[in-house]
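The values are calculated or read from the model by the stated rules, or taken from the named source; none is laboratory data. Since the structure is predicted, the reported quantities are computational estimates derived from the model, not experimental observations. Don't worry about glycine lacking a Cβ; one is built from the backbone with ideal geometry, like all the others, and counts go over all protein chains shown.
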Amino acid sequence: MISLIPNAIHFLLTTFILNSPQPPEPSPSQLGLQFQLRHVHGVSNDSRILFSDIPPQSLTPSQLDQYTYTVKTRTIHTHRPSSFSAFTQARSRSRSVSSSPSELWSPPIPVPGPNTSDRETLLTLAKMTNNAYYSDPSSSNWYDLGPDWNVSYTYGWEPDSDGFRGHVFVSQDTKTVVLSIKGTSVPWIGGGPTMKKDKLNDNLLFSCCCARVGPTWSTVCGCYGGGGKCDEGCVEKALAEDSLFYPIGTNLYNNLSYMYPESNIWVIGHSLGGSLASLIGQTFGTPVVAFEAPAEKMASRRLHLPSAPSSDHITHVFNTADPIPMGTCTGVTSTCANAGYAMESRCHVGKLIRYDTVGKKGWSSNVRNHPIDVVINNLLNEDWEKEDLDKGVEGLGRGVPEPVDEEEDCDAQECMTWTYENETV
């Protein structure tokens, strides 16, 4: 009988354990998504989308553990058009009727999006946007994301290539795809073969009237009417030309959705790439994170993009000491104008995560605060208001600034000195 006691105790313990409440399995958002670089994309001189496939690497379990790279998610409710064709038709109708038909949009759809309240997630996405500027991972400017990502393919980076570039990352379960879009290449940061077309797109998208900053400027379209007047219809027509990056971006997104029909697609980018990411996000209702992006609401209106019931799936991350997203790099004596850029837009679409580096850090407004490495090294390298977190001050310390809406009076402050007429039929 004595020898049976341990077995009885074992049975009772086993029964107790099996019937006891078990801790819940961690959700995907808690575990995060793991990504690999799968494609490099670019555009040829004849505007064809070019892809270079990057096969997944075979890693040992220890390597997988060493190079685990995660992005935390949260549920985002977004509205999506019934089809791209229906969206395009609504754009055409809105040129004569300023409205967005309610039947165009789906009811709110819950999708996994990046957790933009998590600093490490923003840091991860910022590094992904940075690497879109460089095709060669041996470059000193490439952020090391582990061997899954550091495969160099030069498709789209040939010396004679001039256009839309970036990287495509795919989660290990292939359920999430991240499209990263390169921003403007500028002379003082190495330039590059896309610099000319980048500048054209900047001056078309973000200027008040064809980059007419002063009497000595060569405009990018013939819409200036003299005396501070601008032909709005003419500007809209100029933005619709195929040389603009927006239609290339929508073509690329459609390619990706065909390649990954069951996947959720995110779009990210820096500077011009961030604004393009937002325009694509407005078109397809896909989650977007844009870093230090010039304000794109004016371009969205001129492109006649129908407005969804909500734009909360789009998040802009920028700092107040960067005059480009703040819309203050203006005037003939500004740094932007001296370099030939008319960055005059002020109003963004979506939520704003605005780092007040001027008021809280004492930074001065300067375009040197615009590059993505400033975001990575100086904004996201530690929690925002870290001193309050360390002190445990309730309600003050945050890892990331609170997302806010654009100011209601922003539109009234944009291009105030211009008078717009619609002379183009």
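When both residues are 6+ apart or on different chains and their Cβ atoms are under 8 Å apart, which pairs have a first residue that lies in the stretch 355-373 and is over 26 Å from A132 (Cα atoms), and a second that is among the aromatic types (F, W, Y) and modelled with pLDDT of 95 or more?
No pair meets every condition.
Could you grab me the full set of residues in the stretch 392-418 that are outside any loop (DSSP other than H, G, I, E, B), exposed (fewer than 12 other Cβ atoms within 10 Å of the Cβ) and at pLDDT below 95?
Passing the criteria: A412, Q413.
Among the residues of the stretch 235-252 satisfying the criterion of being touching a Phe, Trp or Tyr at 6+ places or on another chain (Cβ under 9 Å) and at pLDDT 90 or above, which is nearest to Y341 (Cα to Cα)?
Selected residue: V235.
Given the options G269, G273, name the one that is assigned to a helix (DSSP H, G or I), surrounded by 15 or more Cβ atoms within 10 Å (Cβ to Cβ) and touching a Gly at 6+ places or on another chain (Cβ under 7 Å).
Among G269, G273, only G273 is assigned to a helix (DSSP H, G or I), surrounded by 15 or more Cβ atoms within 10 Å (Cβ to Cβ) and touching a Gly at 6+ places or on another chain (Cβ under 7 Å).
Considering G228, G273, G285, which residue is closer than 26 Å to D409 by Cβ and touching a residue at least 60 places away in the same chain (Cβ under 8 Å)?
Exactly one of G228, G273, G285 is closer than 26 Å to D409 by Cβ and touching a residue at least 60 places away in the same chain (Cβ under 8 Å), namely G228.
Kindly provide the set of residues from the stretch 318-345 that are of a type outside the set (G, A, S) and in contact with a helix residue (DSSP H, G or I) (Cβ under 6 Å, 6 or more places away or on another chain), ordered by number.
F318, N319, T320, D322, C329, T335, Y341, M343
Identify all residues within the stretch 174-192 that are modelled with pLDDT of 80 or more and outside any strand (DSSP E or B); write none if there are none.
Matches in the stretch 174-192: T174, K175, K182, G183, T184.
If you go through the stretch 76-85 one residue at a time, how many are touching a Pro at 6+ places or on another chain (Cβ under 9 Å) and over 23 Å from T129 (Cβ atoms)?
Number of matching residues: 3.
When you check L305 against the structure, is it surrounded by 24 or more Cβ atoms within 10 Å (Cβ to Cβ) and touching a residue at least 40 places away in the same chain (Cβ under 8 Å), yes or no?
Spelling it out, it is not the case that L305 is surrounded by 24 or more Cβ atoms within 10 Å (Cβ to Cβ) and touching a residue at least 40 places away in the same chain (Cβ under 8 Å).
Give the residue that is farthest from F291 (Cα to Cα), with candidates limited to residues of the stretch 315-366 that are surrounded by 19 or more Cβ atoms within 10 Å (Cβ to Cβ), at pLDDT 95 or above and of a type in the set (V, I, T).
This residue is T357.
Assess whether A240 counts as being surrounded by fewer than 20 Cβ atoms within 10 Å (Cβ to Cβ), touching a Leu at 6+ places or on another chain (Cβ under 8 Å) and hydrophobic (A, V, I, L, M, F, W, C).
yes
Within the stretch 222-235, can you find the residues that are outside any helix (DSSP H, G or I) and either surrounded by fewer than 20 Cβ atoms within 10 Å (Cβ to Cβ) or out of contact with any helix residue (DSSP H, G or I) (no Cβ under 7 Å at 6 or more places or on another chain) (or both)?
G222, Y224, G225, G226, G227, G228, K229, C230, D231
If G249 passes every condition in (1) surrounded by fewer than 21 Cβ atoms within 10 Å (Cβ to Cβ); (2) touching a Leu at 6+ places or on another chain (Cβ under 6 Å); (3) not hydrophobic (A, V, I, L, M, F, W, C) but one, which one does it miss?
Of (1) surrounded by fewer than 21 Cβ atoms within 10 Å (Cβ to Cβ); (2) touching a Leu at 6+ places or on another chain (Cβ under 6 Å); (3) not hydrophobic (A, V, I, L, M, F, W, C), only one is false for G249: (1).
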